[in-house]
Amino acid sequence: MAALYLDRMTWLQISESIRSGWNTIIVPFGSTEQHGRHLPLGTDSVLGDELGWRLAERLDAFVAPTLRFGCSDHHLFFTGTISLSQDTFRSVVNDVVGSLCKHGFKRIILLPTHGGNFQPLRQALKKLGPTGEARILAFTDLQGLMGTAFKSSGSFGVDPAKSGAHSGEWETSIMLALRPGQVDMERASEGFVGDIAEVMAKIATGLENIDKHGVIGDPRMAKAEAGRQYVEDMVDYLYQWVNGQQGEE
Ligand SMILES: [Zn+2]
């Protein structure tokens, strides 16, 4: 079990590795967006880096650098957020896949780790050019991912509203596990913990209209121990998803 970091290798090493059977690559799609007052803007990209290489280890695959910008228009009220338009995002997906298809990869796994990237990724897939012998596996099941997240946090006694969809207990626990030095628990405060239907109804108007600090969930109950388990559960879930896709061939 090993992962190869594409951007730490020479073209010759990459070429030789592909020829010797390393023909899968994972491309994570993160974001640079606000995550409340207690988490850094790179949170979704950290998740992309970590899930990307952990999944690559399980699959003996390459992992590409995480795309650190995503579709984050609904967070632009908050300072520092950088957002791509959906058109730009679709073009980036197209260009990344188009580039990788030239090099002999047989399987290209597209892995969004930010909620706002799922819908534009689905749309991008419809417009992909010819991919040659490469098979594109795009993870587009946001509900499945959230279901896995809430099942994991439920095993630690946290209900879904507090586990949260953005910067709540779930994401904060993961950051306490992965990047504890970047978490400011003194600034963690309860965000929106009401009905998720209300979030869906208002999200397009901006997250500031749901919670003034940009949090959905309650990060105060986050724990590193839980975060380590959440990461494991997600990698298991993604690994099974990849294997399920193989079964459909
Ligand atoms: Zn996030």
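The values are calculated or read from the model by the stated rules, or taken from the named source; none is laboratory data. Values in this document were obtained by computation on a predicted structure and should not be read as measured data. No Cβ is skipped: glycine too gets one built from the backbone with ideal geometry, and neighbour counts run over all protein chains shown. Quick note on the areas: whole protein, heavy atoms, side chains included, nothing else; ligands and nucleic acids left out. Shrake-Rupley method; radii C 1.70, N 1.55, O 1.52, S 1.80 Å.
Mind counting the residues in segment 123-176 that are under 30 Å from Asn23 (Cβ atoms), part of a loop (DSSP other than H, G, I, E, B) and not hydrophobic (A, V, I, L, M, F, W, C)?
Total satisfying the criteria: 8.
Go through (1) surrounded by 20 or more Cβ atoms within 10 Å (Cβ to Cβ); (2) within 30 Å of Ala188 (Cβ to Cβ); (3) over 16 Å from the mean Cα position of the chain (by Cα); (4) more than 12 Å from the ligand (Cβ to nearest atom) for Arg37 and report which single condition fails.
Here Arg37 clears every test but (1).
Failed condition for Leu67, given (1) in contact (Cβ under 8 Å) with a residue 60 or more places away in the chain; (2) in contact with a Gly (Cβ under 7 Å, 6 or more places away or on another chain); (3) under 20 Å from Ile108 (Cα atoms), with all others met?
(1)
Please specify each residue of segment 127-150 satisfying the condition of being at pLDDT 90 or above, under 18 Å from Ser91 (Cα atoms) and among the small types (Gly, Ala, Ser).
Ala138
Is it true that Ser45 is hydroxyl-bearing (Ser, Thr, Tyr) and either within 14 Å of the ligand (Cβ to nearest atom) or in contact with a strand residue (DSSP E or B) (Cβ under 8 Å, 6 or more places away or on another chain) (or both)?
Here the answer is yes, as Ser45 does meet what is asked.
Scan segment 18-26 and tell me whether some residue there is of a type in the set (Gly, Ala, Ser), more than 29 Å from Ser72 (Cα to Cα) and modelled with pLDDT of 95 or more.
Looking through segment 18-26, at least one residue is of a type in the set (Gly, Ala, Ser), more than 29 Å from Ser72 (Cα to Cα) and modelled with pLDDT of 95 or more.
Looking at (1) away from the ligand (no atom under 16 Å from the Cβ); (2) in contact (Cβ under 8 Å) with a residue 40 or more places away in the chain, which is the only condition Thr10 fails?
Condition not satisfied by Thr10: (2).
Tally time: how many residues in segment 72-89 are over 16 Å from Val215 (Cα atoms), out of contact with any strand residue (DSSP E or B) (no Cβ under 8 Å at 6 or more places or on another chain) and surrounded by 21 or more Cβ atoms within 10 Å (Cβ to Cβ)?
0
Results for (1) over 20 Å from Asp236 (Cβ atoms); (2) within 21 Å of the chain's Cα centre (by Cα); (3) within 16 Å of the ligand (Cβ to nearest atom), shown as yes or no for each residue.
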residue: Leu100; (1), (2), (3): yes, yes, no
residue: Phe105; (1), (2), (3): yes, no, no
residue: Ile108; (1), (2), (3): yes, yes, no
residue: Pro112; (1), (2), (3): no, yes, yes
residue: Gly116; (1), (2), (3): yes, yes, yes
residue: Ala124; (1), (2), (3): yes, yes, no
residue: Gly129; (1), (2), (3): yes, no, no
residue: Ala134; (1), (2), (3): yes, no, no
residue: Leu145; (1), (2), (3): no, yes, yes
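Evaluate the following for Gly191: is it farther than 30 Å from Trp53 by Cβ and touching a residue at least 40 places away in the same chain (Cβ under 8 Å)?
In short, no.
How many of the residues making up segment 177-200 are basic (Lys, Arg) and part of a helix (DSSP H, G or I)?
1
Filter segment 90-113 down to the residues that are farther than 21 Å from Leu145 by Cβ, in contact with an Asp or Glu (Cβ under 9 Å, 6 or more places away or on another chain) and open to solvent by less than 30 Å² (accessible area, probe 1.4 Å) and list them by number.
Within segment 90-113, Gly104, Phe105 meet the criteria.
For Gly154, indicate whether it is more than 16 Å from the ligand (Cβ to nearest atom), of a type outside the set (Lys, Arg) and modelled with pLDDT of 95 or more.
In short, yes.
Only one of Phe105, Phe77 is in contact with a helix residue (DSSP H, G or I) (Cβ under 6 Å, 6 or more places away or on another chain), farther than 21 Å from Gln123 by Cβ and among the aromatic types (Phe, Trp, Tyr); which?
Phe77
Go through segment 166-187 and report how many residues are buried (at least 24 other Cβ atoms within 10 Å of the Cβ) and under 19 Å from Phe78 (Cα atoms).
6
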